[in-house]
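A.B. asks: Once you've had a glance at the structure underneath, I'll fire off some questions.
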Amino acid sequence: MSLSRPELQKMLDVVRATQPVEIDCDVCLMQVGEFAELNLVGKPIPEGLKAIEQHLTVCDECREEYELLRGFLRK
Amino acid sequence: MVQERDNNEWIAALQADGPLREAALSDLRGMLLIGLKTALKSRSDFVDSLLDDFVQDSLVRILRSLDQFQNRSRFVTWATAIAIRVALTELRKRRWRDVSLETLVADTGFEPSAAETSPDRESQPIIEAMYRIIGSDLTEKQRTVLLAEIKGMAQEEIARQMGSSRNALYKLSHDARQRLKQGLEKAGFTAQEYAITIS
């Protein structure tokens, strides 16, 4: 078995988004609430939260949790 | 009825003793029950009977993390993010606990030639370079983490089977992605060039 097309695509996408310095999942968790609230009202993301945006691009699990949080905030 | 509290009132109440703390804990428990149920109800792997444990475990983690709340979002948003992390971590663990990391990664292999995964002509050289770099430039641990993550295996379960932690795993994954990116650049592929859609 080899990697499927979606898996190959995912690999290229995460490698492309990789940065020399990244935050980990625990740091993301502590700040993702602020990111979600700003995002929901369409406010620009400040420089200090850009690392959250990048982490959500490369981490499937944090992104999945963020989507659920957004859904919760929308209601 | 849930008492309205601002962030400072939440923190003060949860750090207090006696009835003030009990009332805040009861309100938070109620809000998390509703929030988690709403967030998780459409998932096929969620059943209501898990909810109480999720909320209880979330409360423990929230109380343990109170000093990390930076007052930059609503307290309830921050607490709900933690509860979602706790719940999804458990659901992922249940889904992946019987899957062998060794088998998953061994089955992946490094050959890009299988007919069902053969990419189009434009992406073929990049894919071949990527397989080559994964096979030669990454350590075994880096390769294992990267491939298991791409396959969607839960990070907690990868960490458990490797005798590591989720954050240590993230560092390994980051190192692997960096090496792969550097390898692709060395092979002449810029990030712009592999911003492609594999058809």
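Quick note: the coordinates plus some simple rules give every number you see, no bench work behind them. Small disclaimer: the values here were computed from a predicted structure and weren't measured. Please note: Cβ atoms are built from the backbone with ideal geometry, for glycine as well, and neighbour counts cover all protein chains shown.
A.B. asks: Between B:Gln178 and B:Asp48, what is the label-point separation in nm under the 7 Å Cα-to-beta-carbon projection?
C.D. replies: Between B:Asp48 and B:Gln178, the label points sit 4.9 nm apart.
A.B. asks: On full extension of the chain, what length is gained from B:Gln56 through B:Ala187, given 0.36 nm per residue of separation minus the C-alpha to C-alpha distance?
C.D. replies: Numbers: separation 131, 0.36 × 131 = 47.16 nm, distance 5.10 nm.
Taking 0.36 nm per residue and subtracting the Cα distance, the gain is 42.1 nm.
A.B. asks: Further, regarding this structure: Using the Cα gyration tensor of the range A:26-75, with a ≥ b ≥ c the square roots of its eigenvalues, what is the shape: rounded (a/c below 1.5), prolate (a/b larger than b/c) or oblate (neither)? List each step's numbers first, then the result.
C.D. replies: Working: a/c = 1.78, a/b = 1.07, b/c = 1.67.
Judged from the Cα gyration tensor, the range A:26-75 comes out oblate (a/c at least 1.5, b/c at or above a/b).
A.B. asks: With chain B treated as a Gaussian network of Cα nodes joined by springs under 10 Å, which of B:Ala83, B:Ala12, B:Ala24 yields the largest mean-square fluctuation?
C.D. replies: Among B:Ala83, B:Ala12, B:Ala24, the largest GNM mean-square fluctuation belongs to B:Ala12.
A.B. asks: If you take the beta carbon distance between B:Ala106 and A:Lys75 as r and set R0 to 41 Å, what does 1/(1 + (r/R0)^6) give as a FRET efficiency, to the nearest 0.05?
C.D. replies: Details: r = 43 Å, r/R0 = 1.06.
E(calc), rounded to 0.05, equals 0.40.
A.B. asks: Label the range B:7-96 by shape, choosing from rounded, prolate and oblate, from the square roots a ≥ b ≥ c of the eigenvalues of the Cα gyration tensor; if a/c is under 1.5 it is rounded, and otherwise prolate applies when a/b is larger than b/c, oblate when it is not.
C.D. replies: Details: a/c = 2.21, a/b = 1.85, b/c = 1.19.
Since a/c reaches 1.5 and a/b is larger than b/c, the shape of the range B:7-96 is classed as prolate.
A.B. asks: Could you work out the relative contact order of the range A:5-74? I mean the mean sequence separation of Cα pairs under 8 Å and 6+ apart, divided by the number of residues, in percent. Don't skip to the answer; put the middle values down first.
C.D. replies: Working: 44 pairs, mean separation 26.8, N = 70.
The value is 38 percent.
A.B. asks: Given the pairs A:Lys10/B:Lys93; B:Lys37/B:Lys151; B:Lys151/B:Lys171, which span a C-alpha to C-alpha distance of over 20 angstrom in this model? Don't skip to the answer; put the middle values down first.
C.D. replies: Details: A:Lys10/B:Lys93 22 Å; B:Lys37/B:Lys151 28 Å; B:Lys151/B:Lys171 18 Å.
Correct reply: A:Lys10/B:Lys93; B:Lys37/B:Lys151.
A.B. asks: When Cβ neighbours within 10 Å are restricted to other protein chains, what is their mean count per residue of peptide B:170-177?
C.D. replies: On the way: counts 12, 2, 0, 6, 9, 1, 3, 9.
Neighbouring Cβ atoms belonging to other protein chains average 5 per residue here.
A.B. asks: Under 20 Å between alpha carbons, and skipping anything fewer than 8 positions from B:Lys186 in its own chain: which aspartates and glutamates qualify?
C.D. replies: A:Asp13, B:Glu122, B:Glu128, B:Asp137, B:Asp175
A.B. asks: Let me ask something additional. Looking at chain B as a GNM with Cα springs under 10 Å, which of B:Asp53, B:Asp45, B:Asp67 has the largest mean-square fluctuation?
C.D. replies: Taking springs between Cα atoms under 10 Å, the residue moving most is B:Asp67.
A.B. asks: Also, I was wondering about something else. Would you calculate the separation in nanometres between label points at B:Arg95 and B:Asp67, each defined as 7 Å from the Cα along the Cα-to-beta-carbon direction?
C.D. replies: Placing both labels 7 Å beyond Cα along the Cβ direction yields 3.5 nm.
A.B. asks: Here's something else I'd like to know. What value, in deg cm²/dmol to 500, does the helix sum -39500 (n - 2.57) over DSSP H runs of n ≥ 4 give at 222 nm once divided by the residues of chain B?
C.D. replies: On the way: 9 runs with 128 residues, N = 199.
Rounded to the nearest 500, it is -21000 deg cm²/dmol.
A.B. asks: State, to one decimal in nm, how far the label point of B:Glu122 lies from the label point of B:Ala23, with both points 7 Å from Cα in the Cβ direction.
C.D. replies: 6.3
A.B. asks: Oh, and also: Please give the length that would be gained between B:Ser164 and B:Lys141 if that part of the chain were fully extended, namely 0.36 nm times their separation in residues minus their C-alpha to C-alpha distance (nm, one decimal). Kindly include the intermediate steps, with their values, before the conclusion.
C.D. replies: Details: separation 23, 0.36 × 23 = 8.28 nm, distance 1.10 nm.
The span from B:Ser164 to B:Lys141 would gain 7.2 nm if fully extended.
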